[in-house]
Amino acid sequence: MALGNTVYNLLFKKTSSFMLTVAVGAFAFERGFDKLTDYVWESHNKGKLWRDIKDKYE
Amino acid sequence: MQRLVQMVNPRGLCQNQLHLIRPLRMLAHSDIRTPDFSKYRRDRNPDKGQEETQRKAFTYMIAGGSSVVGMVCAKSVVNQFISSMSASADVLAMATIEVDLNLIPEGQSVTFKWRGKPLFIRHRTQKEIDTEQNTNISQLRDPQADSDRVKDPSWLVIIGICTHLGCVPIANAGDWGGYYCPCHGSHYDASGRIRKGPAPTNMEVPPYQFGDEGILIVG
């Protein structure tokens, strides 16, 4: 598989680029994870959130 | 025997060292044949470098992936600990007060409570401003120019605690017409500076700023 080779040679071969990959990956992972868990929580609590019932009180 | 020695040590050993090397001989169970492990070996295909890279890519992907998750976990733990040191919302809400300066007439000193301490806001008259600005600083116990203590000359904002032993001074009293501490007789002028009595320093000026429409924000 050529993809594995490309990934290895570009990202993992040098320690410096490996650490950079980890740091950038951590940033992306955190953002994505937060978005995902927020989305799950909000869709689970749909109808109970303040932004859903705000028009009743304003 | 000689061939084996040459294989092990191509330069050749001395004759008296030959007894150190013995050919590996199976003395028992010589009928057992070595099993064939070739089925379990890594595929010795001609493109071996390719296969090795694939294997390493997988290994480093696992290592890198767990590092990513570990870094995110470590970051959130550190974040939790550090944010637990910051002030909570109720403390922050009490830390700042807003005062409507339009309600304070000229020549009056009004006391507010700010962070559990009395806060004096004084609307100074032009006469007081002139007196304080023309005071000779070198005569003062705690030399400080009036312009360093006020942002707007009309408004004096100080913490109303006597710097001697912490009593609350009385406004518009004392020999300099500013503040007078009844406990041990410290006289402050209309800039909150100590002029006479036991107090060692001027009254403290808190951080404040002027907002829109005559609102003063202290804190």
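For segment B:187-208, which positions are touching a Ser or Thr at 6+ places or on another chain (Cβ under 8 Å), outside any loop (DSSP other than H, G, I, E, B) and within 28 Å of B:Ile97 (Cα to Cα)?
Passing the criteria: only B:Ile194.
When the residues of segment B:53-73 are filtered to those that are more than 8 Å from chain A (Cβ to nearest Cβ) and not small (Gly, Ala, Ser), which remaining residue is farthest from the chain's Cα centre (by Cα)?
B:Arg55
State whether one or more residues within segment A:38-46 are within 23 Å of the chain's Cα centre (by Cα) and not in a helix (DSSP H, G or I).
yes
Is there a residue being assigned to a helix (DSSP H, G or I) and either surrounded by 10 or more Cβ atoms within 10 Å (Cβ to Cβ) or assigned by the TED database to the domain that holds B:Asp189 (or both) anywhere in segment B:102-123?
yes
Taking segment B:80-99 as the search range and keeping residues that are under 14 Å from B:Tyr208 (Cβ atoms) and exposed (fewer than 13 other Cβ atoms within 10 Å of the Cβ), which one is nearest to the chain's Cα centre (by Cα)?
B:Ala95
Suppose we filter segment B:24-62 for residues that are acidic (Asp, Glu) and at pLDDT 70 or above; how many remain?
The number of residues fulfilling the criteria is 4.
Filter segment B:72-91 for residues that are more than 16 Å from A:Phe33 (Cα to Cα), part of a helix (DSSP H, G or I) and of a type in the set (Gly, Ala, Ser) and give the result.
B:Ser83, B:Ser84, B:Ala89
Is there any pair linking a residue in segment A:16-42 that is farther than 13 Å from B:Met71 by Cβ and more than 8 Å from chain B (Cβ to nearest Cβ) to one that is among the β-branched types (Val, Ile, Thr) and surrounded by fewer than 11 Cβ atoms within 10 Å (Cβ to Cβ), with Cβ under 9 Å and at least six apart or on different chains, and which?
none
Of all residues in segment B:157-174, count the ones that are part of a loop (DSSP other than H, G, I, E, B) and under 14 Å from B:Gly116 (Cα atoms).
Qualifying residue count, segment B:157-174: 5.
Pick from B:Asp148, B:Asp130: which is part of a helix (DSSP H, G or I) and under 16 Å from B:Tyr208 (Cβ atoms)?
B:Asp148
The values are calculated or read from the model by the stated rules, or taken from the named source; none is laboratory data. On a predicted model such as this, the values are computed, not experimentally measured, just so you know. Please note: Cβ atoms are built from the backbone with ideal geometry, for glycine as well, and neighbour counts cover all protein chains shown.
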